[in-house]
1. Counting residues that are more than 26 Å from Gln190 (Cβ to Cβ), which strands (runs of 3 or more DSSP E) fully inside the stretch 70-141 reach at least 2?
2. Just the residues that are over 23 Å from Arg142 (Cα atoms) and either among the small types (Gly, Ala, Ser) or not in a helix (DSSP H, G or I) (or both), please, taken from the stretch 52-68.
3. For the stretch 142-155, name all the residues that are in contact with a strand residue (DSSP E or B) (Cβ under 8 Å, 6 or more places away or on another chain), modelled with pLDDT of 95 or more and either part of a loop (DSSP other than H, G, I, E, B) or small (Gly, Ala, Ser) (or both).
4. Does at least one position in the stretch 145-166 carry a residue that is surrounded by fewer than 12 Cβ atoms within 10 Å (Cβ to Cβ) and under 30 Å from Arg222 (Cβ atoms)?
5. Scan the stretch 156-178 and tell me whether some residue there is within 18 Å of the chain's Cα centre (by Cα), assigned to a strand (DSSP E or B), of a type outside the set (S, T, N, Q) and closer than 24 Å to Ala36 by Cβ.
6. Could you pull out the residue among Leu93, Leu102 that is under 24 Å from Val159 (Cα atoms), in contact with a strand residue (DSSP E or B) (Cβ under 6 Å, 6 or more places away or on another chain) and not small (Gly, Ala, Ser)?
7. Given the residues Gly127, Gly120, Gly116, Gly58, which is the only one that is surrounded by 14 or more Cβ atoms within 10 Å (Cβ to Cβ), touching a residue at least 12 places away in the same chain (Cβ under 8 Å) and small (Gly, Ala, Ser)?
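The values are calculated or read from the model by the stated rules, or taken from the named source; none is laboratory data. Predicted, not measured: the structure shown is a model, and the values here were computed from it. We place every Cβ from the backbone using ideal geometry, glycine too, and count neighbours over all the protein chains shown.
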Amino acid sequence: MNLISPCKLLCVALLALGLSLPAVAGGLDIYLVRHAQTVHNAGGPKDKVSENTFSEMGEAQVSQLTFAFRNREFDAVLVSPVERVLRTIQPYLEDHGVQGELWPELAECCWSRDRGNTEGGQLVTSGGIYLPPEIAAQFTFRDADSKFNYANRSYADGVAQVRQAIALLKARYFNSGKTILIVAHYHSGQVLLAELLGVERDSLPGLENARVNHLRQGADGRFTLLSNNVVPE
């Protein structure tokens, strides 16, 4: 008679309930979320106000995401310093009494249609990062290097920026057994996914506003995309 191990029974029960399996020991779970829909995303003008003001749908997405994560604790919340990202995750941070860590390496980049060579990019910093005073208490700078934006002059510079984020992730979190949340953008998020998965960017779907993407690092150090563009519930 073939006996089913208690471990297998637990896995089957968790999957039947729609729950995630526990992270692989020594691996890493990454939840990646793009910011909520802005007025510009909804077809409005391309200017600083429209790019950082939520549409009606965007406001609903922020509320939905905050509710979906109401019982979720992360070992770290890493965020792009762009205002639309900050305002997407600020309610969650306030509700949980934690701070998001500012990572300028996650800021939007790589939007150029003329991609050219992705190698040889340079990291060039520009002006300092501005935090809206009414939400500043929910965020903290990672270190002295995280207080400045990047001034990308080419697609390759943007790729170098994202690869710097991955180098920092590797040093701090790879094979840690932790679970982290990253809140970023359409292009930088897609490049981040491609680099972590070791695939071409164009083989991946675009990141939808306020949808959840879940990656898991296995025992071999490689990442697998467990879910993509899932509506938070």
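1. Answer list for the stretch 70-141: none.
2. Thr53, Phe54, Ser55, Gly58, Ala60, Ser63, Ala68 - these are the residues of the stretch 52-68 that are over 23 Å from Arg142 (Cα atoms) and either among the small types (Gly, Ala, Ser) or not in a helix (DSSP H, G or I) (or both).
3. Arg142, Ser146
4. No - not one qualifying residue is present in the stretch 145-166.
5. Scanning the stretch 156-178 turns up no residue that is within 18 Å of the chain's Cα centre (by Cα), assigned to a strand (DSSP E or B), of a type outside the set (S, T, N, Q) and closer than 24 Å to Ala36 by Cβ.
6. Being under 24 Å from Val159 (Cα atoms), in contact with a strand residue (DSSP E or B) (Cβ under 6 Å, 6 or more places away or on another chain) and not small (Gly, Ala, Ser) holds for just one of Leu93, Leu102, which is Leu102.
7. Only one candidate passes the filter, namely Gly58.
Table: residues versus (1) at pLDDT below 95; (2) more than 16 Å from Ile166 (Cα to Cα); (3) assigned to a strand (DSSP E or B); (4) touching a helix residue (DSSP H, G or I) at 6+ places or on another chain (Cβ under 8 Å).
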site: Ser188; (1), (2), (3), (4): no, no, no, yes
site: Val191; (1), (2), (3), (4): no, no, no, yes
site: Ala194; (1), (2), (3), (4): no, no, no, yes
site: Asp202; (1), (2), (3), (4): yes, yes, no, no
site: Leu207; (1), (2), (3), (4): no, yes, no, yes
site: Gly221; (1), (2), (3), (4): no, no, no, no
site: Leu226; (1), (2), (3), (4): no, yes, yes, no
site: Asn229; (1), (2), (3), (4): no, yes, yes, no
site: Glu233; (1), (2), (3), (4): yes, yes, no, yes
